[in-house]
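The values are calculated or read from the model by the stated rules, or taken from the named source; none is laboratory data. Remember, it's a predicted structure, so these values are computed and weren't measured experimentally. Quick reminder, even Gly has a Cβ in these numbers, built from the backbone with ideal geometry, and neighbours come from all protein chains shown.
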Amino acid sequence: MNFSQMVERNTKCIMTVARDFLARHQKEYPPRYPILNGLDRAQQLFQNLLPVLPHCILDLFSDGLIAVGEVGRNEPDIQTINLRDNGFVIEFNSGMMDFDYAVARGLSGLFVRNTTSGPANQKALGLPEVTHQVAGIFMQWHWYKRWLWNLRRIKYPRFLISKSSHEWTETIANLTELFMLAHEVGHIALNKGMLPHRSDNDEEDADAFALKIITSIRGTSLSLLFAGSIFAIRIFEGLEKVGVRFSNAYPAQAERITNICTYMLSLCPSRQYYHEICRIAVAFQDMMDDVENHIIKRKATIKPNADRIIIRLIAEILEVALERAPKEIVIKDIIKIIQQNPVDVTRQIIDTLKKYYLIMPQGETFINHETREKMGKVIQEVLIGLPENSQFSLTFWQSQIV
C-alpha cells in the first residue's frame, strides 16, 4: 500500500474504538480551527508526518488504531490516551495551538518589518514591549492552570508586521506543533515496543524520536525544522520557570534542551554543520531568555556556553556576509565577549571561527562554500576593526587569523 492509498483508506473513517473515542470528545468540544478536506487542524498537521513515519506506525494509523484530532478545549495541552488493546488517541487541544501561535506571534515583534505603514528595516516592536507581550501570554497559561482555564481562549498580541514575518511566524508555529505530534507518536512507538529505549526516561526517548522524524521532512530548511523542535521544548521551559508544574515523568525542561541538542549533534556529519544549522534555534533561545528575565524580574541570565556564543556569532557574521546587516553588530558583540568571558573561552571561540571560515575545512558543512568565503572576509574585517583599547590587544586577535 503506497502513501496516497493509505491516506485514502484512512479518510474513509472506518469506525474503530479509537476513532469513536475521539469523535465523542470532538462532539463535546468541537475543533476551533478551519476544517480542510474533511480534516481538522491536528489531522492536517499529521499528514505532514506520514511520509516520514515508520511503516509499523503507519499500519496502526491506517487501521484506525491511532486516531489523531483537534479537541476544542482552551487548556494548552496535547496528550496521548492509551485505550490498551483498542488503540491510542492523540488529542491536540485548540488551546495548545492558540498558545504556540501566540508566543511565536509575540516574538515576531523583534523581526524586521517592511510595510507601507513604516520605514523598512525597522523592528515592529522594541524588546521591552515584546517581552511584556510574551510574558503576558505565559501568565495566561499560569492563570488557566490555577483557575477556570476553559472559559476563555488565549489571545495573541496584535501589532503590525510584514507579510513575510507573518508567514515565518505561521511556519514556526506549525513546526512546533509537528514536533509535539511526533513526540506523542514516539510514546506510542515506545509503548508498542517499536522503538528501542535510548535512556531510562520515556520523555527523553520520545524527544529523540520526534527530532529524527521532524528533521526527515523534505522541502523545509533543516535550520527551521530544528528551531521548531527547540521552540516546542523552550516554551515548556519558560512555563516551568513561571511556576507551571508538569508531570514528574518529564525531566527538567532545560535538561530536555541539552539532550535534544546532543542528539541533533549526533545526527550531523560534523560539528560545524551542527553549529550552522542551530542559528535560528539559538536566536529563539536568546529571545526566550529575555522574556524570562522580564517575567522573573532578574537583571541577568546564566552566561551562555562557548557553543551558543559561536552559533550566535555565526548567525551575525552570515547576515553581514549576505549584506543584510552592518559589521558593527559583530564588532560590538565580540567586544562584549572579550569583557564577559575568560581568556580560554574567548580563545576557543576565535579558534573555532578561524577553523570554520579561514582555514576552510574540507568536511561537510551546512553553509555553502561561496558564502563561507564571504564570512571569512567579514571575520578579518571585524577583527581589524576592533578598538585597540579592548581588554585583549589587537595583536592578539589578529594573530588568531594568520
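Structure notes:
- Residue within the range 69-76 that is assigned to a helix (DSSP H, G or I), buried (at least 19 other Cβ atoms within 10 Å of the Cβ), among the polar types (S, T, N, Q) and modelled with pLDDT under 95 present: no
- Here Glu276 passes the criteria (1) charged (D, E, K, R); (2) within 25 Å of Ile367 (Cβ to Cβ); (3) surrounded by 21 or more Cβ atoms within 10 Å (Cβ to Cβ); (4) at pLDDT below 95 except the one numbered (4).
- Of the residues making up the range 360-369, at least one is at pLDDT 90 or above, among the polar types (S, T, N, Q) and under 26 Å from the mean Cα position of the chain (by Cα).
- Selection over the range 181-197 of residues that are in a loop (DSSP other than H, G, I, E, B) and touching a residue at least 24 places away in the same chain (Cβ under 8 Å) gives a count of 2.
- Note on the range 370-388: residues that are within 28 Å of the chain's Cα centre (by Cα) and polar (S, T, N, Q) amount to 1.
- Flag for Ala182 being of a type outside the set (Val, Ile, Thr), surrounded by 21 or more Cβ atoms within 10 Å (Cβ to Cβ), over 16 Å from Asn48 (Cα atoms) and assigned by TED's automatic domain parsing to the domain that holds Leu45: no
- For the range 156-165, the criterion of being modelled with pLDDT under 80, aromatic (Phe, Trp, Tyr) and closer than 20 Å to Pro34 by Cα is met by at least one residue.
- Condition met for Glu203 (in the same structural domain as Pro54 (by TED's automatic domain parsing), in contact with a strand residue (DSSP E or B) (Cβ under 9 Å, 6 or more places away or on another chain), surrounded by 14 or more Cβ atoms within 10 Å (Cβ to Cβ) and in a helix (DSSP H, G or I)): no
- Only one of the listed residues (Leu53, Leu58, Leu83, Leu65) is at pLDDT 85 or above, in contact with a helix residue (DSSP H, G or I) (Cβ under 9 Å, 6 or more places away or on another chain) and surrounded by fewer than 17 Cβ atoms within 10 Å (Cβ to Cβ). That residue is Leu83.
- Residue match in the range 105-118 (condition: closer than 29 Å to Leu190 by Cβ, of a type in the set (Val, Ile, Thr), modelled with pLDDT under 90 and assigned by TED's automatic domain parsing to the domain that holds Pro31): no
- Filtered residue count, the range 153-180, keeping only those that are in a helix (DSSP H, G or I), in contact with a strand residue (DSSP E or B) (Cβ under 8 Å, 6 or more places away or on another chain) and not polar (S, T, N, Q): 2
- Answer residue from the range 370-402, given it is at pLDDT below 65 and among the β-branched types (Val, Ile, Thr) and is farthest from Ile317 (Cα to Cα) among those: Thr395
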